[in-house]
Amino acid sequence: MARITASVFTSHVPAIGAALDLGKTGEPYWQPVFQGYDFSKQWMKDNKPDVIFLVFNDHATAFSLEMIPTFAIGTAAEYQPADEGWGPRPVPKVVGHPELASHIAQSVIQQDFDLTIVNKMDVDHGLTVPLSLMCGQPQEWPCPVIPFAVNVVQYPVPSGRRCLNLGKAIRRAVESFDQDLNVHIWGTGGMSHQLQGPRAGLINREFDNAFLDRMIDDPESQAAVPHIDYVREAGSEGIELVMWLIARGAMADLAGGPKPTVKHRFYHVPASNTAVGHLILEN
Amino acid sequence: MPLDKPYLDVPGTTIFDAEQSRKGYWLNQFCMSLMKADNRTRFKADERAYLDEWAMTEDQKQAVLARDLNRCIALGGNIYFLAKIGATDGKSFQQMAGSMTGMSEEEYRNMMIGGGRSIEGNRYVGERK
């Protein structure tokens, strides 16, 4: 039986990818950001998953305004890093897990979540920056990845409650897969940031840290927080944080199991326009 | 019954909802085309001619030519799409975001290093700082 053993949460700022790709990680501006992931890289080696289920958002890369799926699961064999306008990031292609992905799609749709199934998709910094932060700069990524894209570009995005419940459905789907696989679920994006208009540059440490606290101890109450609170308190792009609730919903304590163990917690301001937050929880 | 839009009183912020998306469809699709290297080259060679290939309004074209991102957003643009123009110009996300605040690039960068823009006084339109 496949099982979810851990969840990882991290921001996915594009400038972090650029800093890595251009060899700037040792600069004083970037050092504290990357130091926050030293533990995580070692943890990834010590706790290597068989598959990563990676929740992220596409930033007008694979999905233009022609199609805007609320939840899209990648069932392809592989995905290429996208050219977002600067040329593709020099990172390995992403190998998928079509068998588990198709199984999850079928199971989750039968649990009343209407997923869009995607067999062709380039993946942008939303997916590749978390992999870089957690795995460094390997020749190939350590395991297959199932990309799960959430619309947080065009309002309304899915509610926190729906995201948490979707995570619970993903957990049930994974546990009904016959192969013995160790699966990590990652939630990415955030934390507080606003990239547009005269209020650009907004950061809210208090909101972010309260969010991290509740992600650990009380995800059900965080799931009840309406969109407007994210927009007002954490900036228009801070709304990405609802995606963390999908990964959190898949943890054992929300299905009657014990509370997760906090293996790592990190918070830093700034990376470019954004507050960087990071958690590792183990079941 | 009108749709509930609780986000209209957030200062300095335009939420990209269905109405904005409809208004900005061609502006954003033009931006999307800049993800191809050939299109970036053609746009840079003659911006006006390239823009005229798209069913954008004249206001939208002028806003792009002026790189007035606040205006682009008011006319239906979304920042993740508009970022493709910035990438074509060789601008970082920080330079683009900063350009919308009325601050210089250095002032904006320093504000971020200093912990970012404070939430205090920035929650509601007309709120006293």
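Could you pull out every one of the helices (runs of 4 or more DSSP H) wholly within segment B:1-116 that has 3 or more residues that are more than 30 Å from residue A:29 (Cβ to Cβ), modelled with pLDDT of 95 or more and not β-branched (Val, Ile, Thr)?
B:18-23, B:25-33, B:37-45, B:47-51, B:58-65
Any idea which of B:88, B:57 is more than 13 Å from chain A (Cβ to nearest Cβ) and over 18 Å from residue A:63 (Cα atoms)?
Only one candidate passes the filter, namely B:57.
Could you go through segment A:80-87 and let me know if any residue there is under 14 Å from the mean Cα position of the chain (by Cα) and small (Gly, Ala, Ser).
Taking segment A:80-87 as the starting set, the residues that turn out to be under 14 Å from the mean Cα position of the chain (by Cα) are none.
Within segment A:80-87, not a single residue is under 14 Å from the mean Cα position of the chain (by Cα) and small (Gly, Ala, Ser).
Going residue by residue through segment A:158-166, is there one that turns out to be within 19 Å of residue A:257 (Cα to Cα), buried (at least 21 other Cβ atoms within 10 Å of the Cβ) and modelled with pLDDT of 95 or more?
Yes; the residues of segment A:158-166 include at least one that is within 19 Å of residue A:257 (Cα to Cα), buried (at least 21 other Cβ atoms within 10 Å of the Cβ) and modelled with pLDDT of 95 or more.
Scan segment B:96-108 residue by residue and report those that are more than 11 Å from chain A (Cβ to nearest Cβ) and either surrounded by 12 or more Cβ atoms within 10 Å (Cβ to Cβ) or in contact (Cβ under 8 Å) with a residue 40 or more places away in the chain (or both).
Selection gives B:105 alone.
Being more than 7 Å from chain A (Cβ to nearest Cβ) and surrounded by 12 or more Cβ atoms within 10 Å (Cβ to Cβ) is the filter here; which residues of segment B:109-129 pass it?
If the condition is that a residue be more than 7 Å from chain A (Cβ to nearest Cβ) and surrounded by 12 or more Cβ atoms within 10 Å (Cβ to Cβ), then B:109, B:114, B:118 are the ones that fit.
Name every residue in segment A:227-259 that is hydroxyl-bearing (Ser, Thr, Tyr) and either surrounded by fewer than 24 Cβ atoms within 10 Å (Cβ to Cβ) or assigned to a loop (DSSP other than H, G, I, E, B) (or both), in order of residue number.
Answer for segment A:227-259, where residues must be hydroxyl-bearing (Ser, Thr, Tyr) and either surrounded by fewer than 24 Cβ atoms within 10 Å (Cβ to Cβ) or assigned to a loop (DSSP other than H, G, I, E, B) (or both): just A:236.
Here is a check on your reading of the model: is residue A:101 at pLDDT 95 or above, of a type in the set (A, V, I, L, M) and under 18 Å from the mean Cα position of the chain (by Cα)? If you could, list the steps in order and put the result at the bottom.
Details: at pLDDT 95 or above: yes; of a type in the set (A, V, I, L, M): yes; under 18 Å from the mean Cα position of the chain (by Cα): yes.
Taking the combined requirement at face value, the residue satisfies it.
Please determine, by comparing only the residues of segment B:35-53 that are buried (at least 18 other Cβ atoms within 10 Å of the Cβ) and out of contact with any Phe, Trp or Tyr (no Cβ under 6 Å at 6 or more places or on another chain), which one is farthest from residue B:124 (Cα to Cα).
B:40
The values are calculated or read from the model by the stated rules, or taken from the named source; none is laboratory data. From a predicted model like this one, the values you see are computed outputs, not experimental measurements. Heads up, the Cβs are rebuilt from the backbone with ideal geometry, glycines too, and the neighbour counts pull from every protein chain shown.
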